[in-house]
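A short write-up of the structure that comes next.
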Amino acid sequence: MTFKHITSRDNPIFKQLKRLAESSRERRKEGKTLLDGAHLVSDYMQAFGEPLQLIIAEGQSSREVTGMIQDLSEVPTIMVTTLMFAELSPVVSPTGLLALVNTPMISPPEKIDFALILEDIQDPGNLGSLLRSAAAAGVDVVYLSQGCAEAWSPKALRGGQGAQFRLSIIERADLIAEIESFKQKNNAQVLATTMNGASLYQQDLRGPTAFVMGNEGNGLSPDVIEVSTRSVSVPMKDAVESLNVTSAASVCLFEAFRQRMVTIG
């Protein structure tokens, strides 16, 4: 296998990769993003085929990474210094392998039975974890408000561990309009998660349902709560103030999954 060796930060290929790594605007403009690690690249390939380009770090000797590079010998590959690679990677301890890919677009199903609606989630790692739970619980589509972190940022992709390749994700959504549409088109309930809502475990979650989760610090906005069907809460011991958004979402989504599995069984 042959590859291009880049050692200068002034190289136009490296400069473009760095813009993609750092800028959501650049990723949206180009319709491309970077995947970190053999696991993510493998998941992407199963769903969408080969990446556009591989980026490897000097001195990378991981068997997993080496094997993948050999399997993708026809994919254009560049090698950069370890310090340059660290500038592109979203993690403290890079794996030594990045892939440039077209940002996937998965259309929502014609009938949406289970949705997750996210308002102003700020941390990309939290967003990735939320998407991972949504994919595991069988969510059909995830709506992200205009104030949400980007689903295709390297850190969100790392947190999602392939969830983005299995979900229909609608970014920069008008949540009020989407909630109203979801309720009307699907004869569905939209449950806003708050501190003082009805018990989650008293809800029938077997029919068309959407959960709405809010910002890490401020929760849901009053307008979103108002257009939702009702508010729900996860019952907890009095001494505990609240769950973080990723934990609360997991509890809610998997309670719905449990009820649906019982119905199927």
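The values are calculated or read from the model by the stated rules, or taken from the named source; none is laboratory data. Nothing here was measured: the structure is a model prediction, and the numbers come from that model. Quick reminder, even Gly has a Cβ in these numbers, built from the backbone with ideal geometry, and neighbours come from all protein chains shown. Heavy atoms of the whole protein, side chains included, go into the accessibility calculation; ligands, DNA and RNA do not. Shrake-Rupley method; radii C 1.70, N 1.55, O 1.52, S 1.80 Å.
What to note about this one:
- With Cα atoms, 0 to 90° folded angle of helix 245-264 axis to the chain main axis: 70 degrees
- Relative to the globular-protein estimate of 2.2 N^0.38 Å, the Cα radius of gyration of segment 111-183 stands at 1.00.
- Length gained on full extension, Gln202 to Lys111, computed as 0.36 nm times the residue gap minus the Cα-Cα distance: 30.2 nm.
- C-alpha long axis of helix 124-136 to longest principal axis of the chain, angle in °: 70 degrees
- Placing a pseudo-label 7 Å from each Cα along the Cα-to-Cβ vector at Leu243 and Glu26 gives an inter-label distance of 3.8 nm.
- Contact order for segment 1-101, expressed relative to its length and based on alpha carbon pairs under 8 Å spaced 6+ residues apart, stands at 42 percent.
- The residues of the chain present an accessible area of 49 Å² per residue when probed at 1.4 Å with all protein chains retained.
- Estimated FRET transfer efficiency when R0 is 45 angstrom, pair Ala86-Met195 (beta carbons, to 0.05): 0.65
- Measuring nothing but protein heavy atoms, the accessible surface of the chain at 1.4 Å probe radius is 48 percent carbon and sulfur.
- Tilt relative to the chain, helix 38-48 - C-alpha long axis, 0 to 90 degrees, to 10: 70 degrees
- Taking Cβ atoms as reference points and 10 Å as the exclusive limit, the residues near Leu88 contribute a net charge of -2, counting Lys and Arg as +1 and Asp and Glu as -1.
- Listed peptides 83-92, 30-39 by packing density, highest first (mean Cβ within 10 Å): 30-39, 83-92
- Relative contact order for the chain, counting Cα pairs under 8 Å that sit 6 or more residues apart, in percent: 18 percent
- Counting DSSP beta bridges with both ends in segment 1-123, the antiparallel % (nearest 5): 55 percent
- Positive contributions from Lys and Arg (+1) and negative ones from Asp and Glu (-1), summed over other residues with Cβ under 10 Å from the Cβ of Ser145, come out at -4.
- With helices as the sole contributors, the chain gives -11500 deg cm²/dmol at 222 nm; each DSSP H run of n ≥ 4 counts as -39500 (n - 2.57), and the sum is divided by every residue.
- Of all DSSP beta bridges confined to the chain, the antiparallel ones make up roughly 25%.
- Order by protection proxy (mean Cβ within 10 Å, highest first), peptides 178-186, 154-162: 154-162, 178-186
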